[in-house]
Amino acid sequence: MEPMKYHFEVKGDDFSVAGENSSKVKKILRQLGFDPETIRRVAIAMYEAEINMVIHAEGGYIDAEISPDKVKIVLQDKGPGIPDIEKAMQEGYSTATNSVRELGFGAGMGLPNIKKYSDDLVINTVVGEGTRLEITVNV
Amino acid sequence: MDKIYWHSVTLEKDNCKGCTNCLKQCPTKAIRIQNGKAKILKERCIDCGECLRMCPYHAKKAVTDSFEILDKFKYNVALTAPAFYAQFSIADNIDLMLTVLKKIGFDDVYEVSAGAEIITEKTKELLKSGTLPRPTISSACPAVVKLISIRFPNLIDNLIPLLPPVEVAAKLAREEAVRKSGLSESDIGIIFITPCPAKVTSFKNPMNLEKSNIDGAVSINDVYLKIAHKIGKISDSEIEKLSRSGRKGVLWGVAGGESEATESKRHICVDGIHNVIEVLDAVEDGKLRDIEYVEALSCIGGCVGGPLTVENSFVANSRLKRIGEELEDNKNIPHEDDVFWENPISYKPVMNLDDDISKAMEKAMKIEEIYESLPKLDCGSCGSPTCRDLAEDIVRGYASENDCIFKLREKINILARELNKLESGDIKNTRET
Ligand SMILES: Nc1ncnc2c1ncn2[C@@H]1O[C@H](COP(=O)(O)OP(=O)(O)OP(=O)(O)O)[C@@H](O)[C@H]1O
Ligand code: SF4
Ligand code: SF4
Ligand SMILES: [Mg+2]
């Protein structure tokens, strides 16, 4: 069957609503009867990616595609891009500013967690143009 | 064995005006208004009692036992929650409050705070062992445990698998009563003076026990007057030394008391069911990884704010703190190992649209479609909490589009226009052209 598609805009300047969209997706998955473990993996991976968009890239767009056998989340931003993906994927690597660290972010665990909780992660990034993350979680 | 599901909060139909006060406050969206009367979707209700508080017409009721339940047993023990002490301005000492219970018909008393002290020690031990998932969530408030079982399946494992203090106290109370009275267990009534419907449900329909040790639950507001009349008449010399627990156990009755007692350095205490949901959402998203322990209480202020209490919760809160702080810490807390859940708690997916994901997806798309056609005012006049809920109810088959008064008006307007046309002969003309 056709996947269910949801489109969200993430504002880059409003920290108070960061993470709202992953909450929405979590609710939808629960209503659809996905198993708790799948919901948890999607929620954590999407939340981290959504926060990255706000902290590092001034917001962007998220498309979620839900099928009975997999959930795909695509996040696209027009931020600064990631110069060294290998480094960014390392646990503990972060370029977060002090003010962001004061908010409790910047442990450098976001991308490693996205990798850990997803079955497939594709990152396309161009410095100065933006970043696209495609996260797939199989049921 | 599949038991018929029973829970405490019900509707007094005659009093219900069909207003929408409770509709929007229910944290699990368990209320609908149908044919002018509220209705509780029982499998979604967590017995938090928010609707009881909200209803201006007192149409929501908690089913509890009447005081006559004492007649069923030869020997009755009153189990008292700390919140009970805080109900009376005259009560500056716990022994007075316990003595008065013996004057109104109980043979003995047992403090739930004594159970709380045992659970405190066990919690400390488990937290130290580092074997529990982080953050560990308290399982003392049954409304919260129920909420987790229907809405936060990923957090079931985070619940500390310990019995609530009231069950531990009940078990010890029964053992003591058998010793003191020489009667058999079944002749003894362990009766809890309850601040809330959630506890009542947890006794009649336990989630993690085969059978509760509590034989009856009488609400605080039902015994309030009986006690208020007696309490002033007790002279100092009549007051018996009945209390046994110390400061920490008693302070479990106010929000924050449990966290303080368990000495967790990185804890959160969250009270009020809507706040609890917010924090649990954050835990589920992995946002609170640095937290060790979450004390979560459905009622604002803790059990002193229970829906079946009488005193204003802020007044009760400060009073209980005052009573508690005057006590010493109990140095002789008995060691009990038999305080774990007997059965694991399982996820009850009551919010599911369908057991089959593909069918659920079809329904979800239909919901989106209907939702788009609704006015998105969330006025509640249709009897569902929000426009989206109406869309969901239509797809589930509980409601129809005409329940939306705006939709209905649209249809009536169209009809009226048609009628007008008919009267002025327009219809005939249009047919001919
Ligand atoms: N969307 C993005 N655009 C630009 N840079 C990004 C983006 N996402 C991640 N990065 C870069 O990759 C680094 C590592 O990201 P990661 O999510 O692992 O850690 P963090 O966001 O810095 O900290 P944490 O996620 O633990 O709060 C970031 O510090 C940032 O430099
Ligand atoms: S007791 Fe709580 S969950 Fe149950 S219907 Fe009332 S508000 Fe809803
Ligand atoms: S906080 Fe206390 S009084 Fe309120 S529902 Fe939970 S256990 Fe009952
Ligand atoms: Mg990050």
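The values are calculated or read from the model by the stated rules, or taken from the named source; none is laboratory data. If you're wondering where the values come from, they're calculated on a predicted model, not measured in any experiment. Glycine also receives a Cβ, built like all others from the backbone with ideal geometry; neighbour counts cover every protein chain displayed. Note: areas computed on protein heavy atoms with side chains; ligands, DNA, RNA excluded. Shrake-Rupley method; radii C 1.70, N 1.55, O 1.52, S 1.80 Å.
See the values below:
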quantity: Any chance B:ALA116 is within 16 Å of ligand 3 (Cβ to nearest atom), under 20 Å from B:TYR224 (Cα atoms) and in a helix (DSSP H, G or I); calculated: no
quantity: Subset of region B:262-299 that is among the small types (Gly, Ala, Ser) and at pLDDT below 90 - its residue that is nearest to ligand 2 (Cβ to nearest atom); calculated: B:ALA282
quantity: Residue within region B:355-377 that is more than 17 Å from A:GLY33 (Cα to Cα), touching a strand residue (DSSP E or B) at 6+ places or on another chain (Cβ under 7 Å) and more than 8 Å from chain A (Cβ to nearest Cβ) present; calculated: no
quantity: When residues of region A:41-59 are limited to those that are away from chain B (no Cβ under 11 Å) and touching a Gly at 6+ places or on another chain (Cβ under 7 Å), the one most open to solvent (accessible area, probe 1.4 Å); calculated: A:GLU58
quantity: Meets criteria (open to solvent by 80 Å² or more (accessible area, probe 1.4 Å), facing chain B (nearest Cβ under 9 Å), modelled with pLDDT under 95 and away from ligand 3 (no atom under 16 Å from the Cβ)) for A:GLU2; calculated: yes
quantity: Test: residue in region B:285-296 that is within 11 Å of another protein chain (Cβ to nearest Cβ), within 24 Å of A:PHE34 (Cα to Cα) and of a type in the set (Asp, Glu); calculated: yes
quantity: Single match in B:ILE156, B:ILE214 (criterion: assigned to a helix (DSSP H, G or I) and open to solvent by 10 Å² or more (accessible area, probe 1.4 Å)); calculated: B:ILE156
quantity: Residue ID - farthest from ligand 2 (Cβ to nearest atom), chosen from residues in region A:87-119 that are more than 14 Å from chain B (Cβ to nearest Cβ) and among the β-branched types (Val, Ile, Thr); calculated: A:THR95
quantity: Number of positions in region B:131-149 that are over 21 Å from B:HIS335 (Cβ atoms), away from ligand 2 (no atom under 16 Å from the Cβ) and open to solvent by 10 Å² or more (accessible area, probe 1.4 Å); calculated: 2
quantity: Cross-chain or 6+ apart pairs with Cβ under 6 Å, region B:42-60 first and within 24 Å of B:VAL350 (Cα to Cα), then of a type in the set (Ser, Thr, Tyr) and more than 16 Å from ligand 1 (Cβ to nearest atom); calculated: B:ARG44/B:THR28; B:ILE46/B:THR28; B:ASP47/B:SER8; B:ASP47/B:THR201; B:CYS48/B:SER298
quantity: Residue list for region A:5-40, restricted to those being more than 8 Å from chain B (Cβ to nearest Cβ), touching an Asp or Glu at 6+ places or on another chain (Cβ under 8 Å) and assigned to a loop (DSSP other than H, G, I, E, B); calculated: A:GLY12, A:ASP13, A:ALA18
quantity: Qualifying residue in region B:288-303 (condition: crowded, with 18+ Cβ neighbours inside 10 Å and on the phi > 0 side of the Ramachandran plot); calculated: yes
quantity: Number of positions in region B:21-60 that are of a type outside the set (A, V, I, L, M, F, W, C), under 21 Å from B:CYS379 (Cα atoms) and open to solvent by less than 50 Å² (accessible area, probe 1.4 Å); calculated: 5
quantity: Neighbours by Cβ (under 8 Å, 6+ apart or cross-chain): first from region B:151-180, acidic (Asp, Glu); second part of a helix (DSSP H, G or I); calculated: B:GLU167/B:GLY115
quantity: Residue in region B:318-327 that is over 27 Å from B:LYS146 (Cβ atoms), open to solvent by less than 40 Å² (accessible area, probe 1.4 Å) and in contact with a Leu (Cβ under 6 Å, 6 or more places away or on another chain) present; calculated: yes
quantity: Those residues of region B:181-197 which are open to solvent by 10 Å² or more (accessible area, probe 1.4 Å) and either assigned to a helix (DSSP H, G or I) or free of Cβ contacts under 8 Å to residues at least 40 places away in the same chain (or both), in sequence order; calculated: B:SER181, B:GLY182, B:SER184, B:GLU185, B:SER186, B:ASP187
quantity: Test: residue in region A:85-95 that is within 11 Å of ligand 1 (Cβ to nearest atom), in contact with a helix residue (DSSP H, G or I) (Cβ under 8 Å, 6 or more places away or on another chain) and touching a residue at least 24 places away in the same chain (Cβ under 8 Å); calculated: yes
quantity: Test for A:LYS72: is it away from ligand 4 (no atom under 15 Å from the Cβ) and surrounded by fewer than 16 Cβ atoms within 10 Å (Cβ to Cβ); calculated: no
quantity: Only one of A:GLU20, A:GLU37 that is within 13 Å of the chain's Cα centre (by Cα), surrounded by fewer than 18 Cβ atoms within 10 Å (Cβ to Cβ) and not basic (Lys, Arg); calculated: A:GLU20
quantity: Residue identified as within 16 Å of ligand 4 (Cβ to nearest atom) and of a type in the set (A, V, I, L, M) among A:ILE66, A:ILE82; calculated: A:ILE82
